[in-house]
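The values are calculated or read from the model by the stated rules, or taken from the named source; none is laboratory data. The model shown is predicted, which means the values in this text are computed figures rather than measured ones. Note: ideal-geometry Cβ built from the backbone for every residue, glycine included; neighbour counts use all protein chains shown. Calculation scope for accessible area: heavy atoms of the full protein, side chains included, ligands and nucleic acids excluded. Shrake-Rupley method; radii C 1.70, N 1.55, O 1.52, S 1.80 Å.
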Amino acid sequence: MSIDLSLVSKYRTQLMGVAAVFIILCHTSLSFGGIVQSLYSIYVSQLMQCGVDIFLLLSGLGCYFSFAKNPSVKFFYKKRLIRIAVPYIIFLLLYFVIDCLILHNSIESFFMKHSVVTFFTNGVLATWFVAAILLLYLIFPLIYKINNKNEAVFLICIAVNIVLVLLPFWKILPKPLPVIREIFLCRIPVFCVGTWIGKRIFEKRCIFTKKGINIYLLVILIISLIAFSVNAISPKTFDKWTITRLLLLPFSFSLVLLLSKLFQKLNIENRKPNKVLLFLGTISFELYLLFERVLAIVTQSMTTLKIFSDSSQTVTQAIFNIIAIGCTVLFAYLLYRISKKIISFLI
């Protein structure tokens, strides 16, 4: 058995679609109660967070190809900033009208939540991913340079990042540093792994033989064993969320490899799900921006309706989430189309 990393590049948009589905699922507000709720919390709300890691991994891959084809730092910054800034600014303008002018929420609170700076200064998580991906784009030329100069040193840097994130000194540092560590710093390695994949594909060194896969699985086993051991020995010292998110690196990497191979086996290009995944992958960033806000507005506006007064919470939340998902997909597509026209004038 062998794994061809080039399949990850071939099915990159479809994999983005899978990541978008996962991100939506982990942000739903479905309510079941009992053991079903516990299983939902673990395997959907928590495990589906790997959608973020998949998105970061594929972003790293895309950045490598983009920079390798045109190694201009200025052009790279311009292209990446515009791709993020245009839909984000349009989203902010529209959401400001709804949140502050229609729902009469605080303007100060709005800018506190949606300024990318406040994630790093106050640990505000409302749009942490936008702040994180912009920072990763900013430091990418350095990541690219280290990766190209010496692959072994690059992999050592990834390992050092993981070790530093695990060290307990973060607990004594003032906020928001522990929050940034818990949700962002532990995910830098998965972005770097994406650039490593991109380099191997670009250089046509993308075939892993059976021996290579065995080594990879052994590394996963050792990392997982160490992580779980540390967390079990000192659960109060090490944050369980940091451990969990670090383990999403090998999990998301493995999942991306397996899904890309599955897509090849199924010849997905000639199947109906391919169009759905391509569509969702194309608007994945817009889906991330919109879903939680649309769900909050739908829930807030529909909770008071009499039709839901006698309905069970499970049914009510299911209806709210279905409506929110439908609206989000529609609005995300419109946001993507508007952004695309503006971006075409700027690049």
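Which one is modelled with the highest pLDDT among residues in segment 309-347 that are among the polar types (S, T, N, Q) and open to solvent by 70 Å² or more (accessible area, probe 1.4 Å)?
Initially, segment 309-347 is screened for residues among the polar types (S, T, N, Q), giving 309, 311-314, 316-317, 321, 328, 339, 344.
Applying the additional criterion that residues be open to solvent by 70 Å² or more (accessible area, probe 1.4 Å) yields 309, 313, 344.
Details: Ser309: 67, Gln313: 78, Ser344: 91.
Only one residue fits best here, namely Ser344.
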Considering only residues that are hydroxyl-bearing (Ser, Thr, Tyr) and in a helix (DSSP H, G or I), look in segment 4-22 and name the one that is farthest from Leu58 (Cα to Cα).
Ser6
Looking only at residues in segment 242-286 that are under 19 Å from the mean Cα position of the chain (by Cα), open to solvent by less than 70 Å² (accessible area, probe 1.4 Å) and among the aromatic types (Phe, Trp, Tyr), which one is modelled with the lowest pLDDT?
Phe253
Mind checking which residues of segment 171-186 are within 15 Å of the chain's Cα centre (by Cα) and either open to solvent by 60 Å² or more (accessible area, probe 1.4 Å) or acidic (Asp, Glu) (or both)?
Glu182
So the helices (runs of 4 or more DSSP H) completely within segment 101-185 holding 2 or more residues that are among the aliphatic types (A, V, I, L, M) and without any contact (Cβ under 8 Å) to a residue 24 or more places away in the chain are 107-114, 128-149, 151-166
Hits in segment 238-286 - residues which are in contact (Cβ under 8 Å) with a residue 24 or more places away in the chain, more than 17 Å from Gly51 (Cα to Cα) and not in a loop (DSSP other than H, G, I, E, B):
Lys261, Phe263, Gln264, Ile268, Asn274
Residue selected from segment 127-170 under the condition among the small types (Gly, Ala, Ser) and open to solvent by 30 Å² or more (accessible area, probe 1.4 Å), by the criterion nearest to Trp196 (Cα to Cα)
Ala152
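State whether one or more residues within segment 45-53 are out of contact with any Asp or Glu (no Cβ under 8 Å at 6 or more places or on another chain) and open to solvent by 50 Å² or more (accessible area, probe 1.4 Å). Full working, then the answer.
Just the residues of segment 45-53 that are out of contact with any Asp or Glu (no Cβ under 8 Å at 6 or more places or on another chain), to begin with: 45-53.
Now restrict to residues that are open to solvent by 50 Å² or more (accessible area, probe 1.4 Å): 46-47.
Yes, segment 45-53 has at least one match.
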Matching option when the condition is at negative phi and of a type in the set (D, E, K, R), among Lys171, Lys204
Lys171
